[in-house]
Amino acid sequence: MSADFNPQFSQLGAILVNDGKIDESNLNEGLAQQKNTTDKIGQTLIEMGFINEDDFASAYALQLGYKKADNFILLEADTNTAALIPEDFARSNRVIAVNKSDSTILVAMEDPEDLVAIDSIKRLTNLNPEIIVSGPDLLKKALNKVYSDIQKTAEVSKTIDSITVISGEEGSREEVDLSPDKASKEDAPIVKLVNLILQESIKERATDIHIEPMEKQVYVRIRIDGVLQTIMTPPVTSLSGLVTRIKILSNLNIAEKRLPQDGRFSIKSPGKDIDVRVSILPTIYGEKIVMRLLDKSGFDINLTSLGFPKQNLGIFKKIIKQPYGLVVVSGPTGSGKSTSLYAALKQIKSEGTNITTVEDPVEYQLDGVNQVQVFEDIGLTFGSTLRSVLRQDPDVLLIGEIRDSETADIAVKFALTGHLVFTTVHANDAPGTITRLLDIGIAPFLVGSCLNLVMAQRLVRRICENCKEGYTPTAEELTLVGLDPGLVKGDLYRGKGCTECRNTGYKGRLAIFEMIPMAREIRKLVYESANEDDIRQSALDHGMVTLREAGLARVLDGTITIEEVIRSTVEEL
């Protein structure tokens, strides 16, 4: 900027030219374009790609003699200050209160020349506004984040008193009031902290809560859409209180700090019934807590919403309507195996069919289905329960998981005696599932005779629809996942990150599948105890789509990212 140039007596275009952001030809082109719109010159130049939002905000601030707002100031705005201005007013007038003193309030504005809005802020807050200038996109992002935090805080405060915890084992009805005013003065902060962790986790659709002690602080992380995210870092001094409180809720021994412990409790909050499974493990810095959250209030997922490709959906529907046989779904913990089987039961459920499940734990409550919860501690094991279920005249049976040869033997006998059996095992892929069944101890001729379908699956995160954007992938990215550049028609997609998705770029999940319907040639290989590679090759010859290929198909249709495919699947070598 030249020494004799005074931006406060200059037009915005001249300031941008003087700062070297545009040249005269750009400005003239912008002015010509502006005549066809009602936009100001700054907005026109942004839309034409001559300047960015930061250039515009800097020039506007210079012109008016104000400071320019930056990302940190706005995105870290004090929520108590921001709440002094109602959200509707803030959004309609494009303003946000950032901080305040005894007599002034710092306000970011898109249009600092809006004297009516400035006067209204003064009357609303009884403070003198100090103005800083913000570009429209940054201001919108800040409004979304800050007012979301304000709303979240208000919701937590409102709902804390409405949460009731039912302590201890299933069937116990001893209710523990978590309201801070019901606790002693010493315990009230810990009670409130535990409530806050539970409420935030439920609100964010978390499946797990990790409370992890480290040397200098405690990390509280929640698993959202399969990935852990830190939500708070309370001081180390709070660890003892947190562990004790959760042990009390779970009916565990608060004096035992050297051995692992497992417990459970239930949460009843408006509209939700949550079963919480607690695991406590001693570490070098103290006891670590992991809580699994199971929403038992209802199941509203169907086969279509799971993410089946059209061809696979048809095959799956056909096989689950067979009168007998074994359907096995495999995958690691948290891959959605139980959800897929629940959706299958929901699909075939009818008045004329007796469906019974044996599970540990019962993850969802299904209307019209007889669900049995296993309790190993009292001798109610999978084996003993299944022997009793056989006398209950079932048509369809769901076994939560085949863990040992006894459970496997009963499942096979059910499938061979006119029953349709659904179950899960832990295996990496569909061909590996067959060899896993053989490894458990089922005779090859029995596996080959009763098995109707083997399906492996993974859950992958969807791209957030609110911040989804297209981009051109590099050759290196495509090579990394083995994607043929010729198959990529146009852009791929990813999420920029926004308040809707906690700035991750992902929101929600879908399943990808690897499916083997048991063709005659594959059954023959099983009878002959063929190795896993031979079974895989035969399945590929019969049209099996691998997990990696299924993931890449969802990349090409713009549903998931390349990073998710790499995270969730392995390349076939």
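Here are some notes:
- Members of region 237-291 found to be closer than 13 Å to ILE211 by Cβ and under 23 Å from the mean Cα position of the chain (by Cα), listed by number: VAL276, VAL278, SER279, LYS288, ILE289, VAL290, MET291
- Number of residues in region 30-69 that are modelled with pLDDT under 75, open to solvent by 60 Å² or more (accessible area, probe 1.4 Å) and within 16 Å of ALA108 (Cα to Cα) equals 1.
- Across region 550-565, the qualifying residues are those that are touching a helix residue (DSSP H, G or I) at 6+ places or on another chain (Cβ under 7 Å) and hydrophobic (A, V, I, L, M, F, W, C), and the one among them that is most open to solvent (accessible area, probe 1.4 Å) is LEU556.
- PRO323 vs. criteria open to solvent by less than 20 Å² (accessible area, probe 1.4 Å), of a type outside the set (Phe, Trp, Tyr) and farther than 26 Å from ASP360 by Cβ: no
- Among residues of region 404-448, those that are among the polar types (S, T, N, Q), at pLDDT below 90 and either surrounded by 20 or more Cβ atoms within 10 Å (Cβ to Cβ) or in a helix (DSSP H, G or I) (or both), counted: 2
- Whichever residue in region 252-283 is at pLDDT 90 or above and among the polar types (S, T, N, Q) and, among such residues, is most open to solvent (accessible area, probe 1.4 Å): ASN253
- Annotation: PRO136 fulfils all but one of (1) within 21 Å of LYS272 (Cβ to Cβ); (2) surrounded by 14 or more Cβ atoms within 10 Å (Cβ to Cβ); (3) modelled with pLDDT of 60 or more; the unmet one is (1).
- For ALA83, the conditions (1) crowded, with 18+ Cβ neighbours inside 10 Å; (2) small (Gly, Ala, Ser); (3) touching a strand residue (DSSP E or B) at 6+ places or on another chain (Cβ under 7 Å) all hold with the exception of (3).
- When region 460-490 is limited to residues that are aliphatic (A, V, I, L, M) and open to solvent by less than 40 Å² (accessible area, probe 1.4 Å), the one that is farthest from MET544 (Cα to Cα) turns out to be ILE463.
Yes or no, residue by residue, for (1) touching a Gly at 6+ places or on another chain (Cβ under 6 Å); (2) assigned to a helix (DSSP H, G or I); (3) among the basic types (Lys, Arg):
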position: LEU45; (1), (2), (3): yes, yes, no
position: SER58; (1), (2), (3): no, yes, no
position: ASN80; (1), (2), (3): no, yes, no
position: ILE85; (1), (2), (3): no, no, no
position: ARG91; (1), (2), (3): no, yes, yes
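- Considering only residues in region 501-524 that are crowded, with 21+ Cβ neighbours inside 10 Å and in a helix (DSSP H, G or I), the one that is modelled with the highest pLDDT turns out to be ILE522.
- Scan of region 284-300 for residues that are crowded, with 16+ Cβ neighbours inside 10 Å, within 23 Å of GLN457 (Cα to Cα) and not charged (D, E, K, R), ordered by number: LEU293, LEU294, PHE299
- Any hit, region 297-304, residues being in contact (Cβ under 8 Å) with a residue 40 or more places away in the chain, farther than 30 Å from CYS501 by Cα and among the aliphatic types (A, V, I, L, M): no
- Checked against (1) of a type outside the set (Phe, Trp, Tyr); (2) farther than 21 Å from VAL218 by Cα; (3) open to solvent by less than 80 Å² (accessible area, probe 1.4 Å), THR244 passes all but a single condition, namely (2).
- Flag if GLY497 is modelled with pLDDT of 80 or more, open to solvent by less than 50 Å² (accessible area, probe 1.4 Å) and on the phi > 0 side of the Ramachandran plot: yes
- Here ARG245 passes the criteria (1) of a type in the set (Lys, Arg); (2) farther than 30 Å from GLN347 by Cβ; (3) in contact with an Asp or Glu (Cβ under 7 Å, 6 or more places away or on another chain) except the one numbered (3).
- Restricting GLY497, GLY551 to those that are part of a helix (DSSP H, G or I) and in contact with a Ser or Thr (Cβ under 7 Å, 6 or more places away or on another chain) reduces the list to GLY551.
The values are calculated or read from the model by the stated rules, or taken from the named source; none is laboratory data. Keep in mind that this is a model prediction, so the values were computed, not measured. For neighbour counting, all protein chains shown are included, and Cβ atoms are generated from backbone atoms with ideal geometry for every residue, glycine included. Please note that ligands, DNA and RNA were not included when accessible areas were found on the heavy atoms of the full protein model with its side chains. Shrake-Rupley method; radii C 1.70, N 1.55, O 1.52, S 1.80 Å.
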